[in-house]
Amino acid sequence: MKKRNYFLAIFATLLFFNFASALNATQDSLDVAVIPEFTQPTNVHMTISGATPGSYNIYTLTAVKILPSTLFYLNAGKNSLIFDVYPTTDLVAQGPTAYSFTYNLNSKETGENFEGLMSVRVVRFEDAFTLSSDSNSPDSDKMTFFIKNRENINLNNVHVKFTSLLFQVDETFNIKEGEKKEFSIAVDKVLLKKTEAGSYPLTAEVQTDRGMRTLEGRLIIAEKVGIESKEKTTGFFIRTTEVSKINYGNVADTVLVKIQKNVFTRLFTNFNIGPETVVRDGLVVTYSWNKKLMPTDSLIIKAKTNFLAPILVLLILVLLIIGFRRYTQTKLIIEKSVRPIKTKNGQFALKINLHLKAKRNIENVSLIDRIPGVVQIHEKFTSIIKPSKIDVKNRRIQWDLGNLRQGDERVFSYIVYSTVGVVGKFSLPRALAVFEKENEIHEVESNSVYFLTEQRAIDE
């Protein structure tokens, strides 16, 4: 009996040896990866040949899990199978390293066991993906970037929050092995115009099965250079010249503004911004401004020249010259004045004064004054020189003075009255002087006068 058991043991050992030596399992590719942060499988392709036909199962007692856990059939020939290898919480990535582990292949019919070796690459999350972008146009209203899967593993339902200075957006997506997943995000065009060209931080916060992980990349914005220049002039008497420089690019640029004035107009010109330099070359004065403009910045220079001031000064000067010439050329000056006087019976009465002054030697001088129709001339004359003629019909009073020498002065006065009350403003006509100078007849008028009935009368 013992001898029989001994032979059975030898037979079983030989049978297992024959099974083990006959079954051959080969991993088709070693370039497969698992990412411990994602409990999602990688596909391992195996070729198994020389097996005893029947149902088998596969398992491992290492830091990974192999599926399917159910039975599968192997024939005696060549079998191509795909196994899903999952990372467990015991699997830790130390970088892109190879992880080899032992697996067991068991026959359901014979109970025979085959022990093999399988390898996967264990990759950290940060090493598995690349986050970046191509060059984005600053004229676009969208920013395009990509995340690339650098490993041979398919991932599903990856939830990521992308953040940059121009946007923040949540995305959920599937990404295949080696796939480059592109995203195009709408951005604020005003904010984009203010952003300089260059490379800016782009982060991806990825929700994994082991918590939040952060991937860092760069968002690239292409350069655009351009300065818009405008100049306009408005107004006539107050002339305003406006020069504007606007940076519509996305790189800093330095602009120069020059405005020229002559030595006369510069006296009446002011600027909204003081010039940095002032250079005079002959009769031309050049004002300059220099400024570094950031994207969307502008430099606006307004030069306002007020021609009203010099025109008013010139006009006053001309009037003064004309007045001075007229004054120096005047041969006779007549000043007329009027005052109300009191009468015993309260009638309306005025005293009219005429003052003559000769500025040159003149001959045959006659002074004529016209009397308004509502008044009469009083027969009493207070001046020393009496009228030469009183024309009642034509209502004129006249003094013939003969010749006057330069500097001679004469004063005449007379009284007019009215039995009818006068209310309001009472105007009197101008007095007229007629004389000869160098055999030419000249006429000079006095100033016009009036009085208001509210004026207080004086005793006469």
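Under 29 Å of direct C-alpha separation, and excluding same-chain neighbours fewer than eight residues apart, Lys261 reaches these lysines: Lys230, Lys232, Lys245, Lys291, Lys292, Lys302, Lys304. Averaging the sequence gap over all C-alpha pairs within less than 8 Å and six or more residues apart, then dividing by the number of residues, gives segment 44-84 a relative contact order of 56 percent.
Annotation: Met212 carries an accessible surface of approximately 100 Å², with a 1.4 Å probe and no ligand, DNA or RNA atoms counted. Within the chain, the ratio Rg/Rh, alpha carbon atoms throughout and Rh by Kirkwood, equals 1.66.
Per-atom-type breakdown for segment 243-286 gives carbon and sulfur 54% of the accessible area (1.4 Å probe, protein chains only). In straight-distance terms, cross-link reach from Lys342 covers every one of the aspartates and glutamates whose alpha-carbon lies under 15 Å from its own, apart from those fewer than eight places away in the same chain; here that gives Glu454, Asp459, Glu460.
The order of Thr172, Thr330 by accessible area, most exposed first and with a 1.4 Å probe, is Thr172, Thr330. Solvent exposure of the chain, expressed per residue, is 58 Å² of accessible area, with all protein chains present and a 1.4 angstrom probe. Determine, from the Cβ-Cβ distance of Val392 and Leu308 and an R0 of 56 Å, the FRET efficiency 1/(1 + (r/R0)^6), rounded to the nearest 0.05. Calculated transfer efficiency: 0.55.
From its DSSP helices (H runs of at least four residues, each -39,500 (n - 2.57)), the chain gives a residue-normalised ellipticity at 222 nm of -3500 deg cm²/dmol. The relative contact order of segment 214-262, computed from alpha carbon pairs under 8 Å that lie at least 6 residues apart in sequence, is 35 percent. Seen from every direction in turn and averaged, the convex hull around the alpha carbons of segment 102-188 projects onto 8.1 nm². Here's the picture: charge each Lys and Arg Cβ at +1 and each Asp and Glu Cβ at -1 in the chain, and of Tyr414, Leu91, Gly373 the one pushed furthest to the positive end of that dipole is Tyr414. Restricting attention to segment 117-215, the count of lysine pairs at 8 or more positions apart or across chains with alpha carbons under 18 Å apart stands at 11. For the chain, the relative contact order comes to 9 percent (Cα pairs under 8 Å, sequence separation of at least 6).
In this structure, Glu171 and Lys232 have a Cβ-Cβ separation that, at R0 = 41 Å, corresponds to a calculated FRET efficiency of about 0.25.
Other residues with beta-carbon under 10 Å from the beta-carbon of Gln40 carry, at +1 per Lys or Arg and -1 per Asp or Glu, a net charge of -3.
The values are calculated or read from the model by the stated rules, or taken from the named source; none is laboratory data. Nothing here was measured: the structure is a model prediction, and the numbers come from that model. Reconstructed Cβ throughout: ideal geometry from the backbone, glycine too, with neighbour counts over all protein chains shown. Calculation scope for accessible area: heavy atoms of the full protein, side chains included, ligands and nucleic acids excluded. Shrake-Rupley method; radii C 1.70, N 1.55, O 1.52, S 1.80 Å.
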